[in-house]
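The structure appears right after this line, and notes come after that.
The values are calculated or read from the model by the stated rules, or taken from the named source; none is laboratory data. Everything quoted here is computed from the prediction, not taken from an experiment. Glycine gets a Cβ as well: all are built from the backbone with ideal geometry, and neighbour counts include every protein chain shown. The accessibility values were calculated without ligands, DNA or RNA, using every heavy atom of the protein model including side chains. Shrake-Rupley method; radii C 1.70, N 1.55, O 1.52, S 1.80 Å.
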2 protein chains.
Amino acid sequence: MTAKTWLLEEKIGDFGKRLGRDAVFTLGNGYLGCRGFFDEEQEGAVETLGGIYMGGVFGAGALKAWEGMHRELVNTPNFLWTSIKVDGEQLLQRPGKVSSFKRVLDMRRGVLTRTFVWTGAAGAKVKVVFERFMSVADIHYAGQRITLQAVDGPVSLSVSAGIDAGVTQHNMVTTLPLPIQPGRRQLDVLAVGEDTIEAKVFTRPDGVTIDEGQLLTFRAEGSSGEKVKPDSTKTRVGANFSARLEKGGAVTMTKVVAFFTSRDGDAKALLADALAAAPSYDDLLARHEAAWAEKWDSADIEIEGCDDDQRALRYNLFQLMQAAPRHDSRLSLGARGLSGEMHEGSVFWDNEIFKMPFFTLTDPEAAKSMLIYRYRTLEAAKKHAKDLWFDGAMYAWKAGVDGLEETEVGVGAYYAIHIVADIAYALRQYWAMTGDDAFLFDYGVEILLETARFWKSRMQFDKKAGRYEIRAVRGPNEYDTIVHNNAYTNVFAEQNIRSALEAIAKMRKEAPEAWRKLAGKCAFTPAEEKSWKSVLGRMYIPRAKDGLVLEDDAYLLRAPFDFKRGKVDGRRVVDWALPLEAMPFYQITKQSDVVTLMNLFFDRFTEAEARKAYAFYEPRTVHDSSLSFAPHAVMAARLGMTDEAYRYFRECAYLDIADTQLNSISGVHFANLGGTWQAVVFGFGGVRASLDGTLEVKPHLPSAWKSLSFKLHYGGDVLRIVVKGNKATVENLSSAWTE
Amino acid sequence: MTAKTWLLEEKIGDFGKRLGRDAVFTLGNGYLGCRGFFDEEQEGAVETLGGIYMGGVFGAGALKAWEGMHRELVNTPNFLWTSIKVDGEQLLQRPGKVSSFKRVLDMRRGVLTRTFVWTGAAGAKVKVVFERFMSVADIHYAGQRITLQAVDGPVSLSVSAGIDAGVTQHNMVTTLPLPIQPGRRQLDVLAVGEDTIEAKVFTRPDGVTIDEGQLLTFRAEGSSGEKVKPDSTKTRVGANFSARLEKGGAVTMTKVVAFFTSRDGDAKALLADALAAAPSYDDLLARHEAAWAEKWDSADIEIEGCDDDQRALRYNLFQLMQAAPRHDSRLSLGARGLSGEMHEGSVFWDNEIFKMPFFTLTDPEAAKSMLIYRYRTLEAAKKHAKDLWFDGAMYAWKAGVDGLEETEVGVGAYYAIHIVADIAYALRQYWAMTGDDAFLFDYGVEILLETARFWKSRMQFDKKAGRYEIRAVRGPNEYDTIVHNNAYTNVFAEQNIRSALEAIAKMRKEAPEAWRKLAGKCAFTPAEEKSWKSVLGRMYIPRAKDGLVLEDDAYLLRAPFDFKRGKVDGRRVVDWALPLEAMPFYQITKQSDVVTLMNLFFDRFTEAEARKAYAFYEPRTVHDSSLSFAPHAVMAARLGMTDEAYRYFRECAYLDIADTQLNSISGVHFANLGGTWQAVVFGFGGVRASLDGTLEVKPHLPSAWKSLSFKLHYGGDVLRIVVKGNKATVENLSSAWTE
């Protein structure tokens, strides 16, 4: 039996609320994400929308993108579709019908189960167990098992199981936490076979085709009159099983599904092979569990002292691990992963700053794959820069598969350029922590070079003050429309240039031939190198008289914000108190800005500076973003304010479980998942992963925790770090080295 | 015969282009505006959209307004609708069918005529003359006369004439210069009577009803078989006349239309009375012409030396004069008047700054009526301020009939607050030029008090520098997203407070009882008065080291803009070169900003300052707005740069006639009409209307002009000013005073 700290359990009486919890119970394997929706057909369209998203499978969206076409994640065919009738009555989740309800996510095994007892209108009682998993060992397979048992008298039972391609979008086309409701259709069904179905995304000229197939087994005990017959429609492939169960009799349906898209090659042929070679349900599940055991062995964090925190933390790690598209470097990880339609599956800066440290230090292969995604979109970033009269590469604020800027027109993506240096930071950190020179020379240097080039063209030199400035930007505090000299952006930009110079120097020395080729391709000149060097140490970091690092050069000039009037509960200030336009008038910070900067550049700022910044910005921060709690936890822990840090840790660790942002319905907050890991490892664990390649550990455990232990990948080795109180032990599991 | 300088003539062969010219030939009377569309039914919906807009008649629009409901001007029933058949063939404006085409606007008389010869498929030739006017003497009447004459052999003729309520919107719902195309329907037809029709705007809960009726007369000569019969449909009331014309025979249809809406009272009853008492076409026209003669007598400007300029200038005055809603203080003048749907008939800052000086100095009653419109919307402005946590009254950037902020959400109306002080400026100027104390005490003081109060709460005091600052604003240069300390806004705000203090002092002294009542109503305290006084002389005006007045406190820090790359022709920079978001990165001024400031506050800045500002900003200004040429003409003329001024004068005087902004199709640019007047009177005429009530004349004529003469209303008197070269003669026509 799995220990409680591995189980996320839910016993919700109000079935109307369950849609809001579907995203929390998402299962995935990087290839697809499957929300925790109910398998069995419900009356009413809203409850039968499914919710399975595949990486890279996009349809045309409803908004106007800056570049190219606005995209949205396609709700792909629901391969868990079932319809159950007991004594002719549809089995529905309705008050009074269901008892002993339990939905349980077993995070150790990656399995979701749901059990309940259902009572029919005439008193028939059936015990129902649903089980599902998305194989992380064989990413083109998933499994589903349903058991129905007659609790009292005999019942006649009818179970249909199929793949339903008649689904529509959940209609979450904006960043607002809209309730799920039936939306646009994205799929045309091309063919319904005996066990297979083929559909095509018809809303885009380059729409992919999706081929899926199912293998069904029905096993009945204590039953009579079993009958299996086809049950397909124009948009669904399926089969129906019917039988009469005696009291105590049971039927079990197991289903193995296989799925491919035209992004994988000849999807139809691949599917046929996969169905022919399909493992049994039990074998598939066993391999899946073994793969999860390996994942956990690498990335689990053990906490002694608080089981709730242990479970919540594991939930965050679980969602992160299962979502990484480590099989396909054409993809990265969207803001909501594949757990919902919000942000349309697009990739933002938080991928590099919030999620990547986790992957770099626990699963470097996944990190590398996501960095190669950025390499693959480098040409799009170069075109974007050129179109805007800048040099080099300007990565899109909101990137889809092709790297085009998918931000809606007119909301300020032109200013939110710190994304460019965020990518360079993650790349530099990956290189520092892994020592992966091959990656650096094959991909990294070119990204660093083109992004450094962008920054040089985007900054201005103030001759009088003898410093470089970057004007018209928007930092992580998204309540700013435009600011000038955002400290975060300026420090990151300078580092981008420094990283480029370091990487070029290394490549020039260690791979001179490849470098000559690259320098020629990029038309890189000594004059350019010299101009970059002139930036180092001369970037303007705005400060107050007392040394306080300023979010931007005019933050102090703004009017004080009346927090008692404007922030009275969990709602965002801009959703009820004042319009977004009003925010730049005030000293108000939507989400961690300088605090995040200092967390990431801990070796550039003194502890006194960090303390001063925290004391100033924390009361001015409204946390109207899920990207705010974790950085506060990290810094508070590092500063030894462990109670404060612990409070912030709980804000991030339970964010989706408790739905504190009021929009988990639209998907799990992936940046925050990575932030939770950082709160624990960088905060309480005190790990300092410097860009120069050093790794330090200066822990500060909260009083509720007795110990903390986790593993990190570092320079090709695996370290085990065990923290007790303020003491850490570091053990190198790859060699015999211990500290 | 009217002299050529009174006639705007057009002989356009390409009938596809005529829609683009309809707005230019708009006739109106303040009650309604009627585009110069063709009377006769054309095949194809686009050509039969009509285009008659009534002040205050709005339907629900398609966008999301900040406050209340987004509105659009309703395309009201087309009361000029006709359908003509010659020998059974529809008379269409098609290439090859029409010769000797001429559309002529007689500006002296306010009459539009259109003549051509039409040739049928079988060779029948008909000479056609259309004539129309919207009575400015009796604003609920319009007249239409059509004459058809058989040029060669006999023809059989069928003429239907009616009021067509089946029109739809022109579909110009955005600020983009969309081609006209059939859009939403706004009208429900309630009743079709014998000669009347009643329709209701159904898209708004408070939609108005419109009642219209027509009186038709057919007079035929050299004809036989005349027959008149009803020709109504469910959405149209009309009659049909048919006859056979001999060669040279002719038929003349005259129509007198009357129109009312529920905004006028019981529209049906009013219409019945108006039809019963309707004058004949000839009498109606005679009264209309007499009224125009009076208008011209008051506002005409005579130029000796260039007939083209004379005609173009008269065109600008003509459109301004006929559009003023001087009969109804619930209305003001929209950005496109009633000549098109762009900007949805809403009122912006240019009303007060560009158009009001013309009315204040030539038609003070019209000016007063528009100021009372602002008084009527004062409560809405107070609510707007309160909702945004400010005191006093914050007038909407884009105001409809009720003063609510109709700007779409998220485009920065929060920043564009100079509108508030622009209204106060126009009010102060009206008071200074008219000495209308009654208006001041009844309406003006309260507006000045509440707007001053707004400014005091919107500004911040910088203790160290000892000055007031206004942050997070957008000045007239709309390419800025947010700037701080926009010189224009700051100077205007300070003047707003100064005007309030002056007005209060006057009222306290001259109408103490009324003042006590008002002070009580507004809860005005001595402490508040004192705090206002602290602002005077302490408002920050950003300047460069060399004294250059800066558009905003960071203008010089921006990057230089490559004008050769970004502005190569008449297109707006943001429509093809770079996105709007990029503009704040550059030293680029969309439209006159500091230049307009210095024109209006000529006594606050020295000539050297003005010269410096002009030299700096003129090359940085792209004139991507119609609000830019005129201020440049004014300043260049005042600085004695008459060639440059003349070049800019021509840009504004011919702007709509030549459609240089490429969007006159969507309506005439009313701010520019007023700007043209200012270019001539304030620029070449050198008139300086100071807020302290003095009027100076320092003319600089362009070399192309021999003389210039015009009248101004000043302190209740009428002055005639005649300029020859750099010499002006001022004659007081009301008393015997001459200078």
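All of (1) closer than 22 Å to A:Cys34 by Cα; (2) crowded, with 19+ Cβ neighbours inside 10 Å hold for A:Val126 with one exception: (1). Of the numbered criteria (1) without any contact (Cβ under 8 Å) to a residue 40 or more places away in the chain; (2) open to solvent by less than 10 Å² (accessible area, probe 1.4 Å), the one A:Met107 fails is (1). A:Glu478: away from chain B (no Cβ under 14 Å) and of a type outside the set (Val, Ile, Thr), yes or no? No: the conditions fail for A:Glu478. Scanning region B:276-316 for residues that are over 29 Å from B:Gly674 (Cβ atoms), in a helix (DSSP H, G or I), open to solvent by 30 Å² or more (accessible area, probe 1.4 Å) and not acidic (Asp, Glu) yields a total of 2. Evaluated against (1) closer than 23 Å to B:Gly410 by Cβ; (2) within 14 Å of chain A (Cβ to nearest Cβ), B:Asn485 falls short on exactly one condition, (1).
Please specify each residue of region B:604-621 satisfying the condition of being part of a helix (DSSP H, G or I), basic (Lys, Arg) and open to solvent by 70 Å² or more (accessible area, probe 1.4 Å). Result: B:Arg611, B:Lys612.
A quick yes/no check of all residues on (1) among the hydroxyl-bearing types (Ser, Thr, Tyr); (2) closer than 23 Å to A:Phe670 by Cβ:
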| residue | (1), (2) |
| --- | --- |
| A:Phe602 | no, no |
| A:Thr606 | yes, no |
| A:Arg611 | no, no |
| A:Ala615 | no, no |
| A:Pro619 | no, no |
| A:Asp624 | no, yes |
| A:Ala636 | no, yes |
| A:Leu639 | no, no |
| A:Thr642 | yes, no |
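Applying the condition of being open to solvent by 20 Å² or more (accessible area, probe 1.4 Å) and touching a residue at least 24 places away in the same chain (Cβ under 8 Å) to region B:443-460 and asking which residue is nearest to the other protein chains (Cβ to nearest Cβ) yields B:Ser457. Looking at the structure I just gave you, is B:Ala500 in a helix (DSSP H, G or I), free of Cβ contacts under 8 Å to residues at least 12 places away in the same chain and open to solvent by less than 30 Å² (accessible area, probe 1.4 Å)? Judged against the criteria, B:Ala500 is not a match.
Residue by residue, here is whether (1) within 25 Å of the chain's Cα centre (by Cα); (2) of a type in the set (A, V, I, L, M) holds:
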| position | (1), (2) |
| --- | --- |
| B:Pro699 | no, no |
| B:Lys706 | no, no |
| B:Ser709 | yes, no |
| B:Leu712 | yes, yes |
| B:Gly715 | no, no |
| B:Arg720 | no, no |
| B:Val723 | no, yes |
| B:Asn732 | no, no |
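Of all residues in region B:321-346, exactly one satisfies the criterion of being among the hydrophobic types (A, V, I, L, M, F, W, C), outside any loop (DSSP other than H, G, I, E, B) and out of contact with any Gly (no Cβ under 6 Å at 6 or more places or on another chain), namely B:Met321. On the stretch given as region A:522-573, residues that are open to solvent by 30 Å² or more (accessible area, probe 1.4 Å), within 14 Å of chain B (Cβ to nearest Cβ) and in contact (Cβ under 8 Å) with a residue 24 or more places away in the chain total 6.
One residue is enough: does region B:224-240 have a residue meeting the conditions within 31 Å of the chain's Cα centre (by Cα), of a type outside the set (S, T, N, Q) and modelled with pLDDT under 95? Looking through region B:224-240, none of the residues is within 31 Å of the chain's Cα centre (by Cα), of a type outside the set (S, T, N, Q) and modelled with pLDDT under 95.
Restricting B:Gly412, B:Gly400 to residues that are surrounded by 24 or more Cβ atoms within 10 Å (Cβ to Cβ), of a type outside the set (A, V, I, L, M) and in contact with a Ser or Thr (Cβ under 7 Å, 6 or more places away or on another chain) narrows the list to B:Gly400. Looking only at region A:49-62, decide whether some residue is buried (at least 22 other Cβ atoms within 10 Å of the Cβ), within 20 Å of A:Val136 (Cβ to Cβ), hydroxyl-bearing (Ser, Thr, Tyr) and touching a Leu at 6+ places or on another chain (Cβ under 6 Å). Yes, because at least one residue in region A:49-62 is buried (at least 22 other Cβ atoms within 10 Å of the Cβ), within 20 Å of A:Val136 (Cβ to Cβ), hydroxyl-bearing (Ser, Thr, Tyr) and touching a Leu at 6+ places or on another chain (Cβ under 6 Å). Taking (1) modelled with pLDDT of 95 or more; (2) more than 23 Å from A:Ala452 (Cβ to Cβ); (3) out of contact with any Phe, Trp or Tyr (no Cβ under 6 Å at 6 or more places or on another chain); (4) open to solvent by less than 10 Å² (accessible area, probe 1.4 Å) in turn, A:Gly340 satisfies each apart from (1).
Inclusion of A:Phe629 among residues that are touching a His at 6+ places or on another chain (Cβ under 8 Å), open to solvent by 10 Å² or more (accessible area, probe 1.4 Å), more than 14 Å from chain B (Cβ to nearest Cβ) and among the aromatic types (Phe, Trp, Tyr) is warranted. Within region A:64-87, residues that are touching a residue at least 12 places away in the same chain (Cβ under 8 Å) have Cβ atoms under 7 Å from residues that are of a type in the set (S, T, N, Q) and not in a strand (DSSP E or B) in these pairs: A:Trp66/A:Thr407; A:Glu72/A:Gln169; A:Val74/A:Gln186; A:Asn75/A:Thr168; A:Asn75/A:Gln169; A:Asn75/A:Gln186, counting only partners at least 6 apart in sequence or on another chain.
Among the residues of region A:132-176, just one is among the acidic types (Asp, Glu) and closer than 23 Å to A:Glu246 by Cα, namely A:Asp152.
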